[in-house]
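Heads up: the structure comes next, in structure tokens.
The values are calculated or read from the model by the stated rules, or taken from the named source; none is laboratory data. What you see is a predicted model, and the numbers here were worked out from it, not measured in a lab. In this analysis, Cβ positions are derived from the backbone assuming ideal geometry, glycine residues included, and neighbour counts consider all displayed protein chains.
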Amino acid sequence: MPDAVTMDKLVSLARRRGFVFPSSEIYGGLGSSYDYGHYGVLMKENVKARWLEAMVRERDDIVALDSSVLLHPRVWEASGHVSGFTDPLVDCRHCKRRFRADHLAELECGVRPSKHPGETELCDLTEPRQFNLMFQTRIGAVEESGMDAYLRPETAQGIFVNFKNVAQIARRKPPFGIAQIGKAFRNEVTPGNFIFRTLEFEQMEMEYFVPPDEAERWYRYWIEERLSWYLRFGIRRENLRVRPHEPDELSHYSSGTSDIEYLFPIGWSELEGIANRGDYDLRAHTEASGTTLEWVDSATGERYVPHVIEPAAGVNRSLLAFLVDAYAEEVVAERPRTVLRLHPEIAPVKVAVLPLIPRNEDMVGRARTLYEELRRVVVAEYDDSGQIGRRYRRQDEIGTPFALTIDEQTLEDETVTIRDRDSLAQERIRISGARAFVLDKLAESWTPPKGD
Ligand code: ATP
């Protein structure tokens, strides 16, 4: 773990710099709901773009999908969510709080936070009751003719019910996959933990359809592939581990699941799950809908129900892991600095352009021209407010890998300084070559610098 990255420090930075705000704050906040500010949005878009590149753009065997949040309610009956997507909950008759029965050892008593629920003489817990995590809503303006529906608790089912459409149109033969990014909703009873677990979140899920006898091989393949994605974008190896589920943890549909876990400030926790779902989903929807979901080879007539390997990741949880891994506090020239050493492809802003003396019109003019040239090709930021040192610190805190400074010398010899966020090295380059220089730098391979 770099330094002592606590959740409190991250929450504070995220808020101070406009990554993440508590939702509905002026009304006192809504538990387990967060809003993303400017840098949070840019960073979230980068996480999703890197996933889509790796899963779809760089491959021939996976296509994209964007299915509805609201699906026919029978989808959730067939998938097993109506009957089985539950958490066991207990209520405390004394403090009136509700707890996950299977997480009591990690939770705080509502009256004495140093104790776990059930540990004090005042605690009066009910028996566990199964509580469905799906948010219910109603479709239709007229109450009597309306239809109960659910906000999707995962994006995967939208993929399964489109299997036939996509398999026909995409002209793909197993193994092939369908990838989707989208919002999911779960009525979680949660102890907080910032954006780790929220009521509303975004998932990045891919269902990979394979011949049954190849399922085990592809399951192993996707564990490695997904692990390498986190490494590729800068998460340190020592903070990642793969944890296979014990047989009694496996979902009803799964013959094998492994979690990629990250060492969050709350301890090792799931970042992504990779499941071997067998043919459970396609068979369940075939039976419930009457539409046969299988693969038929038009040339040979061979037919079978593909097995499914599912890497399911969370956008928000990934973003949190990237932030935790990047966060560092250090002392530079006897002054403390907080820096986010984000991979340049994850960092919300790639380059900042700063005129050294904001009152100097020539410097400001050159800086604005350079900024306008750069923002055509990368996310750039122009800043002429305050001391240069403070402006650097601000860019460090939002993780901007490069800063270009326009100073007196620029006006004489057409050069600018480029400052590297990680090494703090400064180099003079020609202003005419700045755009190419920055693009080359961003394309260079990047590994997390040591020094924590
Ligand atoms: P957990 O055990 O943490 O509840 P899960 O096993 O139920 O997670 P999956 O159904 O496998 O999660 O969902 C895939 C991914 O979606 C998770 O690995 C996580 O990154 C993300 N995710 C799931 N629930 C939430 C949530 N409430 N808030 C934020 N992200 C979530």
By my count, strands (runs of 3 or more DSSP E) wholly in the stretch 1-118 with at least 2 residues that are under 30 Å from Glu329 (Cβ atoms) and not hydroxyl-bearing (Ser, Thr, Tyr) are 20-22
Lone unmet requirement of (1) under 15 Å from the mean Cα position of the chain (by Cα); (2) surrounded by 16 or more Cβ atoms within 10 Å (Cβ to Cβ) for Tyr150:
(1)
Looking for something within 29 Å of Gly273 (Cβ to Cβ) and part of a loop (DSSP other than H, G, I, E, B) - is there at least one such residue anywhere in the stretch 138-151?
no
Consider Asp91 carefully, then state whether it is acidic (Asp, Glu), over 21 Å from Lys183 (Cβ atoms), away from the ligand (no atom under 16 Å from the Cβ) and modelled with pLDDT of 95 or more.
no
Output the residues belonging to the stretch 281-290 that are away from the ligand (no atom under 14 Å from the Cβ) and either in contact (Cβ under 8 Å) with a residue 60 or more places away in the chain or acidic (Asp, Glu) (or both).
Leu282, Ala284, His285, Glu287, Ala288, Ser289
Considering (1) out of contact with any Pro (no Cβ under 8 Å at 6 or more places or on another chain); (2) free of Cβ contacts under 8 Å to residues at least 24 places away in the same chain, say which one Asp35 fails and leave the rest.
(1)
Only one of (1) away from the ligand (no atom under 13 Å from the Cβ); (2) without any contact (Cβ under 8 Å) to a residue 60 or more places away in the chain; (3) closer than 30 Å to Lys173 by Cβ does not apply to Gly278, and that is (2)
Residue within the stretch 173-194 that is among the basic types (Lys, Arg) and either more than 15 Å from the ligand (Cβ to nearest atom) or assigned to a helix (DSSP H, G or I) (or both) present
yes
Selection from the stretch 406-421 of residues that are within 13 Å of Asn360 (Cβ to Cβ) and either part of a strand (DSSP E or B) or aromatic (Phe, Trp, Tyr) (or both)
Ile406
In this structure, is Arg241 away from the ligand (no atom under 11 Å from the Cβ), of a type in the set (Lys, Arg) and assigned to a helix (DSSP H, G or I)?
no
Right, Leu122: in contact (Cβ under 8 Å) with a residue 60 or more places away in the chain, out of contact with any Leu (no Cβ under 9 Å at 6 or more places or on another chain) and not aromatic (Phe, Trp, Tyr) or not?
no
Within the group Arg419, Arg430, which residue is at pLDDT 95 or above and surrounded by 15 or more Cβ atoms within 10 Å (Cβ to Cβ)?
Arg419
Suppose the filter is touching a strand residue (DSSP E or B) at 6+ places or on another chain (Cβ under 9 Å) and assigned to a loop (DSSP other than H, G, I, E, B); does Val378 pass it?
yes
Filtering the stretch 39-55 down to residues that are surrounded by 22 or more Cβ atoms within 10 Å (Cβ to Cβ) and over 12 Å from Ser318 (Cβ atoms) yields Tyr39, Gly40, Met55
Flag if Asn162 is in contact (Cβ under 8 Å) with a residue 60 or more places away in the chain, surrounded by fewer than 19 Cβ atoms within 10 Å (Cβ to Cβ) and closer than 18 Å to Glu272 by Cα
no
Hits in the stretch 105-130 - residues which are crowded, with 16+ Cβ neighbours inside 10 Å and either on the phi > 0 side of the Ramachandran plot or within 16 Å of the ligand (Cβ to nearest atom) (or both):
Leu107, Gly118
When the stretch 412-440 is examined, which residues are found to be touching a residue at least 60 places away in the same chain (Cβ under 8 Å) and over 23 Å from Arg376 (Cβ atoms)?
Asp422, Leu424
Every pair of residues 6+ apart whose Cβ atoms lie under 6 Å, when the first sits in the stretch 296-318 and is farther than 23 Å from Gly256 by Cβ while the second is of a type in the set (Ser, Thr, Tyr) and more than 9 Å from the ligand (Cβ to nearest atom):
none
Considering only the stretch 227-275, state which residues are exposed (fewer than 15 other Cβ atoms within 10 Å of the Cβ), touching a residue at least 40 places away in the same chain (Cβ under 8 Å) and among the aliphatic types (A, V, I, L, M).
none
From Glu200, Glu207, Glu225, Glu246, which residue is among the acidic types (Asp, Glu), within 15 Å of the ligand (Cβ to nearest atom) and within 19 Å of Arg59 (Cα to Cα)?
Glu207
